[in-house]
1. Using 0.36 nm times the number of residues separating MET78 and VAL123, minus their current alpha carbon distance, what extension gain do you get?
2. List, in order, the whole-Hz ³J(HN,Hα) value for each residue of region 151-160 obtained from phi through the Karplus relation with A = 6.51, B = -1.76, C = 1.60 and θ = phi - 60°; use x for Gly and Pro.
3. Non-local amide H neighbours of LEU135 (under 5 Å, H modeled in plane, Pro and chain starts lacking H): which ones?
4. Given labels modelled 7 Å from the Cα in the Cβ direction, how far is it in nm from ALA28 to VAL40?
5. Please arrange THR100, THR60, THR88, THR158 by counting, for each residue, the other beta carbons lying within 10 Å of its beta carbon, fewest first.
6. Please list, by residue number, everything in region 182-216 whose backbone N is under 17 Å from a paramagnetic label point 7 Å out along Cα→Cβ of SER157.
7. Which residues among region 182-212 fall inside the zone where the amide N is under 19 Å from a point 7 Å beyond the Cα of GLU165, along Cα→Cβ?
8. Return LYS56, LYS80, LYS147 ranked ascending by Cβ neighbour count within 10 Å, so the fewest neighbours appear first.
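Taken together, the values in this text are just the output of simple stated rules run on the coordinates, not laboratory data. For clarity, every value in this text was computed on a predicted model and none was experimentally measured. Every residue, glycine as well, gets a Cβ built from its backbone with ideal geometry; the counts of neighbours run over all protein chains shown.
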Amino acid sequence: MKHLLAPSLLAADFGNLQRDIEMVNRGAADWFHVDVMDGVFVPNISFGTPVMETLKKHATKPLDVHLMIVDPDRYIQMFKDLGAEVLTVHYEACNHLHRTVQAIQATGMKAGVALNPHTPVSVLEDILPDLDLVLIMSVNPGFGGQKFIERALNKISTLDQIRRENDFKFVIEVDGGVGNGNARSLVDAGCDVLVAGSSVFGAADPVAAMETLKSI
């Protein structure tokens, strides 16, 4: 499939959030990427329920919600009610990952699992057939604007090979340091969804930036 683009709202202007949401609505992007942080699993706090309600009200494209929180099972139904279509949890935050994935899918959402930069792809061996999405973190989670960790390319290639050899259906998403300089190599490695924050919202012309990343 043609790769998807999911601008990360963590890099949006929170003082003009509706404006930025409507800009993404009009642009070439496919999803909104929403990072939810609790200040415990990662050293930062981000979106809560009020911001999600604003997104649900104004966004016309799917909400791809990435939970960087402890005990994500407690909030699965809440994020479904807030409009999430894709819900991704961290491997490192789940004691019973298979149960969590099943609970997400039982609500009708697609279930994703994220891997921190230090976590190998091999830990997902037993659950890959059940996943809708695997998110490779190419920076350490918690803050935007970080430098891309090159090792992520190898992890994407490994996942893509496993997927092709077994006819698995999950999509591969990458988040962190994504921009014009590496987007082509990420797609060539097997990435299906590019999450881009600063390279979109920090651009002089965010609409043109989305078009460029989508056309790569």
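1. Gain in length upon complete extension: 13.4 nm.
2. 4, 4, 4, 5, 5, 5, 4, 4, 4, 4
3. For LEU135, the qualifying residues are VAL113, ALA114, LEU115, GLU173.
4. For the pair ALA28/VAL40, the computed spacing is 4.1 nm.
5. By the 10 Å Cβ count, ascending, the order reads THR60, THR158, THR100, THR88.
6. Correct set: 182-192.
7. Those under the cut-off are 189-191.
8. By the 10 Å Cβ count, ascending: LYS147, LYS56, LYS80.
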